[in-house]
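The values are calculated or read from the model by the stated rules, or taken from the named source; none is laboratory data. Since we're looking at a predicted model, the values are computed, not measured. As a convention, Cβ positions derive from the backbone with ideal geometry for all residues, glycine included, and neighbour counts pool all protein chains shown. The accessibility values were calculated without ligands, DNA or RNA, using every heavy atom of the protein model including side chains. Shrake-Rupley method; radii C 1.70, N 1.55, O 1.52, S 1.80 Å.
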Amino acid sequence: ITVMVHLLTSILSRGVIFMRLSMFMRLRDLGQGLAVFWHNKDNDTRMSALKPFDKENLLTPIAQLATQSVDAPTLERKLSHAVRVANQHLDKGLTLLATVASSATFVGLLGTVWGIYRTLTTVAAQGQMEIANIIGPVGEALIMTAFGLAVALPALFAYNFFSRNNQTHQTELDAFAHDILNNQTQHIQ
């Protein structure tokens with residue numbers, strides 16, 4: 001059972017890692033997109049210049065709110081909602097990576113304990129303790145711990161990398177929303 005759990009969590013976490021790596025590659029130009037957006041003065045030009053850099057569609061919904069003529073509190077609520085939606089998109093898959101990283105070693109340890117228990121009950125039933133009868137099953141049990149570490153460590157490293165990367169992008173999105181709010185508030189007054 002523990003082998004199947006490890007296999008399943010390994011496949012799932014590697015799938016999330018691949019998905020997150022491809023997202024990471026698409027987000028490389030996000031800062032450049034912000035610079036292009038503010039470099040242009042016309043809203044239509046801004047939007048068309050931003051789109052090639054916003055491959056994950058994180059900035060565009062926020063930028064589109066700059067074209068709306070609404071009062072400041074309404075704009076602030078809409079910007080806050082757009083930033084939350086973008087942050088949720090950025091966080092996709094991180095819960096699975098965190099869960100695998102924190103639980104795979106324990107599942108491996110459970111497999112080890114279960115394997116050693118089986119070995120000891122077999123030895124007790126046979127009534128004789130020969131080292132040859134113990135080494136193989138105990139070795140298999142210890143492999144479960146190694147398998148747990150092999151599943152947990154890549155998930156842990158990936159989780160830390162993507163979480164740190166998300167913090168940077170979330171800060172950029174939040175700053176972008178604040179800049180739009182400030183810019184629109186100046187135009188309203």
Worksheet item: Of all residues in region 143-162 being under 10 Å from the mean Cα position of the chain (by Cα) and not hydroxyl-bearing (Ser, Thr, Tyr), which is nearest to Ala104 (Cα to Cα)?
Response: Ala155
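Here's the yes/no breakdown for (1) over 18 Å from Phe162 (Cβ atoms); (2) in contact (Cβ under 8 Å) with a residue 12 or more places away in the chain; (3) under 28 Å from the mean Cα position of the chain (by Cα); (4) open to solvent by 70 Å² or more (accessible area, probe 1.4 Å):
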position: Leu94; (1), (2), (3), (4): no, yes, yes, no
position: Phe106; (1), (2), (3), (4): yes, yes, yes, yes
position: Thr112; (1), (2), (3), (4): yes, yes, no, no
position: Gly115; (1), (2), (3), (4): yes, yes, no, no
position: Gln126; (1), (2), (3), (4): yes, no, no, yes
position: Ile131; (1), (2), (3), (4): yes, no, no, yes
Discussion item. Which numbered condition in (1) in contact with a Gly (Cβ under 8 Å, 6 or more places away or on another chain); (2) of a type outside the set (Gly, Ala, Ser); (3) surrounded by fewer than 15 Cβ atoms within 10 Å (Cβ to Cβ) is the only one that Leu153 fails?
Written reply: (1)
Worksheet item: When only residues in region 168-186 that are closer than 21 Å to Thr60 by Cβ and open to solvent by 60 Å² or more (accessible area, probe 1.4 Å) count, which is modelled with the lowest pLDDT?
Response: Asn182
Worksheet item: What about Arg14, is it under 16 Å from Thr171 (Cα atoms) and either out of contact with any Phe, Trp or Tyr (no Cβ under 6 Å at 6 or more places or on another chain) or modelled with pLDDT of 90 or more (or both)?
Response: no
Worksheet item: For Leu90, are the conditions met, namely being crowded, with 17+ Cβ neighbours inside 10 Å, among the hydrophobic types (A, V, I, L, M, F, W, C), out of contact with any Ser or Thr (no Cβ under 6 Å at 6 or more places or on another chain) and modelled with pLDDT under 90?
Response: no
Discussion item. Regarding region 153-167, can at least one residue be identified that is at pLDDT below 80 and in a helix (DSSP H, G or I)?
Written reply: no
Practice prompt. Could you list all residues from region 89-110 that are of a type outside the set (Gly, Ala, Ser) and over 17 Å from Ile17 (Cα atoms)?
Written response: Thr105, Phe106, Val107, Leu109, Leu110
Worksheet item: Of the residues in region 55-82, how many are open to solvent by 10 Å² or more (accessible area, probe 1.4 Å) and under 19 Å from the mean Cα position of the chain (by Cα)?
Response: 3
Practice prompt. Take region 40-92 and flag every residue that is under 18 Å from Arg28 (Cα atoms) and outside any helix (DSSP H, G or I).
Written response: Asp54, Lys55, Glu56, Asn57, Leu58, Asp91, Lys92
Discussion item. List the residue pairs whose Cβ atoms are under 9 Å apart, where the first residue sits in region 55-67 and is within 17 Å of Gln88 (Cβ to Cβ) and among the polar types (S, T, N, Q), the second is modelled with pLDDT of 90 or more and open to solvent by 20 Å² or more (accessible area, probe 1.4 Å), and the two are 6 or more positions apart or on different chains.
Written reply: Asn57/His89
Worksheet item: How many residues, within region 118-135, are out of contact with any helix residue (DSSP H, G or I) (no Cβ under 9 Å at 6 or more places or on another chain) and part of a helix (DSSP H, G or I)?
Response: 6
